[in-house]
Each structure stands twice: as structure tokens, then as C-alpha cells.
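Visitor: After the C-alpha cells below, expect a handful of questions from me.
The values are calculated or read from the model by the stated rules, or taken from the named source; none is laboratory data. All figures in this text were calculated on a predicted structure; none of them were measured in a lab. Cβ: placed from backbone, ideal geometry, glycine included. Neighbour counts: every protein chain shown. The area values use the complete protein model at the heavy-atom level, side chains included, leaving out ligands, DNA and RNA. Shrake-Rupley method; radii C 1.70, N 1.55, O 1.52, S 1.80 Å.
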Amino acid sequence: MRSIQKTMKTTFMKTTLMPALAVALFSAGWLARTYAQQKAPAPLITYFSHDSVDASFAHALAYTGSGDLYSRKDRQGKTWAIHSNSRGKSDEGVLHSHEDWTGVVVIMSGSATFVTPGSPSQTKAAKSTSAEGYQLIGGGESHRVGKGDVVIIPPNAPHMYKNIEEPFRYLVIQTP
């Protein structure tokens, strides 16, 4: 008789209590996560007024020609930044590249000739214009850029500016 009672008790625990306990634990975890998500702060949006951006360009012009408007590291330790750049005639023809980040260049004022050194044979494959309106620039090409233009420069792509018309100011958004 005791053996039957023990078997019934074990069966009851396996078929009723254990699943009920599992459901209760799952529900408690789900409720805790839902509550935490509801209490999480909204993501912060960063805003720079026109005056802040102008001050950043003035600072860049007074010092090295470049200054940081914004710079933060992400969770992987990679830097996201916005650089303010003011360039003049003395900055023409300085070839450079960015080793480990992509630069999104937004021309704010003035104009210049954007040059990508390289062999003209690289240009033929790159001269396509997409349906969205962007154009790929190959090595050995130059393009006149001015206010409102955007250029995306991948890592290790040599480039320079020539024929600068002042005030040539642009923002470089540094992305990992």
C-alpha cells in the first residue's frame, strides 16, 4: 500500500507540481524583465545648436584646423566622433587617410576639389551612378565639392583637398 502511495505521490509531483513550478518561475522572470524594460530610461539624444557648431569651427580655425565637436566610445571601446574642420589655402594638397574608421564628410561652407590619388585605370570600374543618386569615386579622380555635399571615405582611402575656396568648413563624422 505504501508503495502505491509513494508512486502516486511521485507521479503527482512529476505531472502537476513540477510543470506548475516551471510556469511560475518563467512567469516571474518574464514579469521582472517587462517591469525593468518599462522602467529603463529613454535613450538620450544629443543636440548641438548652430552657435555650438560655429564655435567649434572657430576653435578649429584658431588652433590646428580641426577640433572635436563630439567624441564618445561605444561598449566595444570604439570611438564615434564629430570633427569640425576649417581649412585654408595652406592646407591644400595634404594627402592623408584614416586607418581604422570611416569618415562621413558633410561640407558646411566654401568649396574645394576632393582628390583621390591613384591610377586612372581604377576609375573605369567606379564611374557608376546609383539609382539613389550617389556616385562612386575611384582612384585618380577629383571632384568639386561644396556646401551641402556629402562624401563617405572608407578606412585607408588616401585623399586630399585642392583649390580651396574659403571659408572651407566641413564636419567629419567618425564611425568605427
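Visitor: Top to bottom by accessible area (1.4 Å), largest first, where do LYS78, LYS147 land?
Guide: Numbers: LYS78 110, LYS147 160 Å².
My answer, sorted largest first, is LYS147, LYS78.
Visitor: In nm, give the distance between the simple-model label positions of SER52 and TYR134, each being 7 Å from the Cα along the Cα-to-Cβ direction.
Guide: Result: 2.6 nm between the two label points.
Visitor: With r defined as the distance between the Cβ atoms of GLU165 and ARG75 and R0 fixed at 41 Å, what FRET efficiency is calculated, to the nearest 0.05?
Guide: Plugging the Cβ-Cβ distance into 1/(1 + (r/R0)^6) gives 0.50.
Visitor: Scan around SER109 for amide H atoms under 5 Å from its own, H built in the peptide plane at 1.01 Å from N, and keep only partners 5 or more places away or cross-chain.
Guide: Those qualifying (amide H under 5 Å, at least 5 residues apart or on another chain) are ARG169.
Visitor: Next up: Cut-off under 19 Å on the C-alpha distance; same-chain residues fewer than 8 positions from LYS162 excluded. Which aspartates and glutamates are left, in chain and number order?
Guide: The reachable aspartates and glutamates, counting only those whose Cα sits under 19 Å from LYS162, are ASP91, GLU92, GLU141, ASP149.
Visitor: What distance in nm separates the simple spin-label points at LEU95 and ALA62, each placed 7 Å from Cα in the Cβ direction?
Guide: Between LEU95 and ALA62, the simple spin-label model gives 3.5 nm.
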